[in-house]
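Here the structure comes first, spelled out in structure tokens, and everything after it is commentary.
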Amino acid sequence: MILGLDTSCYTTSAALFDGAEAREARRPLRLPPGQKGLRQSGMLFQHINALPEVLAELGGVPERGLTGVAASSRPREAEGSYMPCFLAGLSLARSLSAILDIPLYEASHQQGHLAAALWSAGRMDLAAAPFLAWHVSGGTTELLYTEPYLKAERIGGTTDLCAGQVIDRVGAALGLGFPAGPELERLAERSGETLPGRLTVNGMEFSLSGLQNQAERFLAQGRKASDVAAFTLGSVARVLRKATDHAKTRYPGVPVVGCGGVLANLKIRGSLPDVVFAAPSASPDNAVGIAVIGERYSRLPRREVLASTL
């Protein structure tokens, strides 16, 4: 049994995984009304307060049978990748490891998303071979080339704003809550008009700052909120589809995986055929993938764990 911890920019989460089944508890970070985001210090404070509640909801730390603890320690595995918010989960994991005398396993938040996608889709077999992956969220919109086991290299994506940032900013302009994705999706379902707009995709790269500007211009013109919501989500879907089509040409026959909170959106999923998506519940930030990675670590000889790219 592995305990996984993830303290991201959006969610405090913990999960238990025994190699077959997982159970998880999570708490979204609270954003004060009128604010568009949180400082890292505010995230860290909320995580520290939320972790005991999340663990209690999970049923507490098992007194017996816990063989390791895993935590996300950084946003991605790139050199210099760092955010203070991950220290909350990592510090607790280090403490539990020392107190209970069990191994500590570390992975990146992005690797946790990839593992959660593969496990929830029943496709852990893909981790042993190269695959392409979209990681689309509030802090990341990247197309990755991923090698065994979950060693990811960015090959495309946004050159400025992330998809989740645009969605949240448009949502804020519409008076929606944070994060705005679920409410924006429900609002878009009432749309009765397709608004004109254009975004440029250069191979596997694209810019999304123009999308925010176009959406705000439509709102200033008095366009219906539902139509602006549909325009925003539809535009994200189109650029992801174009970049994916280019990637499939460049990497023929390589499967494509989708993860991250934005890809819980059904409209965007529907625009990306033949993609292995995380289950909707496993698309937003969660600790299941981190626990899955820890469980794999636990089955490796110590020397292989130390040499692993995970």
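So is T140 under 19 Å from M83 (Cα atoms), open to solvent by 10 Å² or more (accessible area, probe 1.4 Å) and of a type in the set (S, T, N, Q) or not? When the stated conditions are applied, T140 passes them. Residue pairs whose Cβ atoms lie under 6 Å apart, separated by 6 or more positions or on different chains, with the first residue in the stretch 156-174 and over 13 Å from E185 (Cβ atoms) and the second in a helix (DSSP H, G or I) and of a type in the set (D, E, K, R), do not occur. Taking the conditions (1) acidic (D, E); (2) within 27 Å of L132 (Cα to Cα); (3) out of contact with any strand residue (DSSP E or B) (no Cβ under 6 Å at 6 or more places or on another chain) in turn, D6 satisfies each one other than (3).
Residues in the stretch 76-121 that are of a type outside the set (S, T, N, Q), over 12 Å from A152 (Cα atoms), within 18 Å of the chain's Cα centre (by Cα) and part of a loop (DSSP other than H, G, I, E, B): Y82, M83, P84, C85, A121. If you go through the stretch 253-276 one residue at a time, how many are at negative phi and over 12 Å from the mean Cα position of the chain (by Cα)? The number of residues fulfilling the criteria is 15. Considered as a group, the residues in the stretch 251-301 that are among the hydroxyl-bearing types (S, T, Y) and under 11 Å from I2 (Cβ atoms) include one that is least open to solvent (accessible area, probe 1.4 Å), and that residue is Y297.
The residue of the stretch 60-75 that is most open to solvent (accessible area, probe 1.4 Å), among those that are among the small types (G, A, S) and more than 21 Å from the chain's Cα centre (by Cα), is G65. Pairing each residue of the stretch 135-147 that is in contact (Cβ under 8 Å) with a residue 60 or more places away in the chain with any residue that is open to solvent by 10 Å² or more (accessible area, probe 1.4 Å) and among the polar types (S, T, N, Q), provided the two are 6+ apart or on different chains, yields C-beta distances under 7 Å for G138/Q165; T141/T158.
The values are calculated or read from the model by the stated rules, or taken from the named source; none is laboratory data. Just so it is clear, the structure is predicted and the values come from calculations on it, not from any experiment. Here the Cβ is made from the backbone with ideal geometry for all residues, glycine too, and neighbour counts use every protein chain on show. To get the accessible areas, we keep the full protein, side chains included, count just its heavy atoms, and leave off ligands, DNA and RNA. Shrake-Rupley method; radii C 1.70, N 1.55, O 1.52, S 1.80 Å.
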